[in-house]
Amino acid sequence: MTFELIAIGLGGALGALSRYGLTQWANILMGVKFPYSTLLINVLGSFVIGILFILLVERSLLAPIWRSALLVGFLGAFTTFSSFSLQALGLMEEGRFIAALGYIGSSVIVCILAVALGMYLARQIP
C-alpha cells in the first residue's frame, strides 16, 4: 500500500467525521425541514477546494501527497453531492418543486461562486 492511499484514507476519514459533525450542528441550529446542512457543507467544501486548488496545485506549496489527502480524501468525503441529489429528489417527490428548484439553483450557483471566491482569496496570499 502506498503512502498516497494511506493519506487519502486518513483524509477521507477526517472529512467524513467533519461532515457528520457539521451536519449535526447545522441541523440543530437550522432545523431539518430544508437540507440546510448539505447546502452549507457543499458551499464550504466548494470554497475550501478553491483555496486548496490554488495553494496545492497552482502554487505547489506542499508535497503532492497533501493534494491527495486534502482534495481527494478530505473534501471527497466532506462534500455531499450525492446527498444533495437525493434530497433534491425527495423535495420533488414531496411536491415541493419550488423548494427543490431553489435548493438546486442555490447549490449550484453558490458553490461555483464559493470556488471562485476561494481561488480569488488564495491568489491574494503572497
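The values are calculated or read from the model by the stated rules, or taken from the named source; none is laboratory data. This structure is a prediction, so every number in the text was calculated from the model and none was measured. A quick note on method: Cβ atoms are made from the backbone with ideal geometry, for glycine too, and the neighbour counts reach across all protein chains shown.
A few points about this structure:
- Residues of the stretch 20-44 classified as in contact (Cβ under 8 Å) with a residue 60 or more places away in the chain and over 21 Å from Leu89 (Cα atoms), total: 1
- Residues in the stretch 69-94 that are of a type in the set (Gly, Ala, Ser) and surrounded by fewer than 22 Cβ atoms within 10 Å (Cβ to Cβ) were compared, and the one that is nearest to Leu14 (Cα to Cα) is Ala77.
- Qualifying residue in the stretch 24-39 (condition: surrounded by fewer than 17 Cβ atoms within 10 Å (Cβ to Cβ), outside any helix (DSSP H, G or I) and touching a helix residue (DSSP H, G or I) at 6+ places or on another chain (Cβ under 7 Å)): yes
- Among residues of the stretch 54-101 being closer than 14 Å to Pro35 by Cα and assigned to a loop (DSSP other than H, G, I, E, B), the one that is modelled with the lowest pLDDT is Thr80.
- Test: residue in the stretch 110-126 that is farther than 21 Å from Leu22 by Cβ, free of Cβ contacts under 8 Å to residues at least 24 places away in the same chain and outside any helix (DSSP H, G or I): yes
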